[in-house]
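First up is the structure itself, then whatever we jot down about it.
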Amino acid sequence: MSKKGLIIAIDGPAAVGKSTIGKLIAQKLGFLYIDTGAIYRAITWKVLKNNLSVNNEDLISMLVSKTQIKINRVSSNSLKDYYHIFIDGKDVTEEIRDPKIDQNVSQIAKLPKIRKQLISLQKKLAKEGNIIMEGRDIGSVILPYADIKLYFIASEEERTKRRYKELTAKGYKIDYKEVKKQIMKRDEIDSQRKYAPLTKAENAVLIDSTEKTIEEVKNEILKIIKKYKENGKK
Ligand code: C5P
């Protein structure tokens, strides 16, 4: 348990609702919310902009060492606009959601050198406490000392439906089957990589959101937090 405040780690596969729920809980509790996927996406954005191969670990590592990444909470209360991510001063919040990033991000995220470089940034971001951090290796590697660890799951079909809806609402012309393929491919790479793979930490609570509304999942988690606090742990 952190002396400075509660630390909540959320992990799980792609398009499972981690961000939606994470932001809602953070808003409710007044916590800082950190989406670590956005960091890997921002690096991928820069790699593609520089026309580097996603397999060139040394060049990407050099690029990362010269890159400044910032996550800022903005004053807006809207969940859509909850935080902005900047790379070398440029706001890339929207651009990192492009399907092109989805297609490449896991290749970069599996490179050990890159993960090592980004670990210290993520640990630093979490040092204040009263945070929710979300990703793939948060409960296992980044914040193994988190007070509450949650691991989200949902069926492949449900996750595809949600991501498809999200992308088409933004105006992307994308095939349903392609969305499913990309999600599955990312999960495969993320869970099979050697270094810090997607995994459920031993003491993480499993949250299956397949047949639940956002409100139901939110309430389930708020109950877990309440129970944790009542047990005198914080
Ligand atoms: O969470 P999101 O789907 O935006 O993450 C994008 C990608 O970033 C993941 O598919 C994964 O390859 C990588 N990632 C990671 N470790 C994290 C968060 C994200 O490898 N902690």
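The values are calculated or read from the model by the stated rules, or taken from the named source; none is laboratory data. Please read these numbers as outputs of a predicted model, since none were measured by experiment. Neighbour counts run over all protein chains shown; Cβ positions are idealised from the backbone, glycine included. Surface areas here come from the heavy atoms of the whole protein model, side chains and all, with no ligands, DNA or RNA. Shrake-Rupley method; radii C 1.70, N 1.55, O 1.52, S 1.80 Å.
If you take the residues of segment 20-34 that are within 14 Å of the ligand (Cβ to nearest atom) and buried (at least 21 other Cβ atoms within 10 Å of the Cβ), which of them is farthest from R186 (Cα to Cα)? Please lay out each step first, then the result.
Let us first name the residues in segment 20-34 that are within 14 Å of the ligand (Cβ to nearest atom), namely 20-23, 33-34.
Now narrow it down to the ones that are buried (at least 21 other Cβ atoms within 10 Å of the Cβ): 21-22, 33-34.
Working: I21: 21, G22: 21, Y33: 23, I34: 20 Å.
Filtering first and then ranking leaves Y33.
Residues that are among the β-branched types (V, I, T), in contact with a Leu (Cβ under 6 Å, 6 or more places away or on another chain) and within 13 Å of the ligand (Cβ to nearest atom): list the helices (runs of 4 or more DSSP H) wholly contained in segment 55-174 that include at least 3 such residues.
Per the criteria, no element qualifies.
Residues being within 13 Å of the ligand (Cβ to nearest atom), at negative phi and among the hydrophobic types (A, V, I, L, M, F, W, C): count how many of those fall in segment 1-19. Show your work before the answer.
Residues of segment 1-19 within 13 Å of the ligand (Cβ to nearest atom): 9-19.
Pick out the ones that are also at negative phi and you get 9-11, 13-14, 16, 18-19.
Okay, now just the ones that are also among the hydrophobic types (A, V, I, L, M, F, W, C), so 9-10, 14, 16.
Adding up the residues that qualify gives 4.
Considering each residue of segment 201-223, count those that are open to solvent by less than 60 Å² (accessible area, probe 1.4 Å) and without any contact (Cβ under 8 Å) to a residue 40 or more places away in the chain, and give that number.
1
Does K49 count as modelled with pLDDT under 95 and either open to solvent by 50 Å² or more (accessible area, probe 1.4 Å) or within 19 Å of the chain's Cα centre (by Cα) (or both)?
For K49, the condition - modelled with pLDDT under 95 and either open to solvent by 50 Å² or more (accessible area, probe 1.4 Å) or within 19 Å of the chain's Cα centre (by Cα) (or both) - is not met.
Please work out which residue is surrounded by the fewest Cβ atoms within 10 Å (Cβ to Cβ), limiting yourself to segment 180-200 and to residues that are more than 13 Å from the ligand (Cβ to nearest atom) and over 15 Å from the mean Cα position of the chain (by Cα).
First, the residues of segment 180-200 that are more than 13 Å from the ligand (Cβ to nearest atom): 180-181, 200.
This time we only want the ones that are over 15 Å from the mean Cα position of the chain (by Cα), so: 180-181.
Working: K180: 18, K181: 13.
Here the answer is K181.
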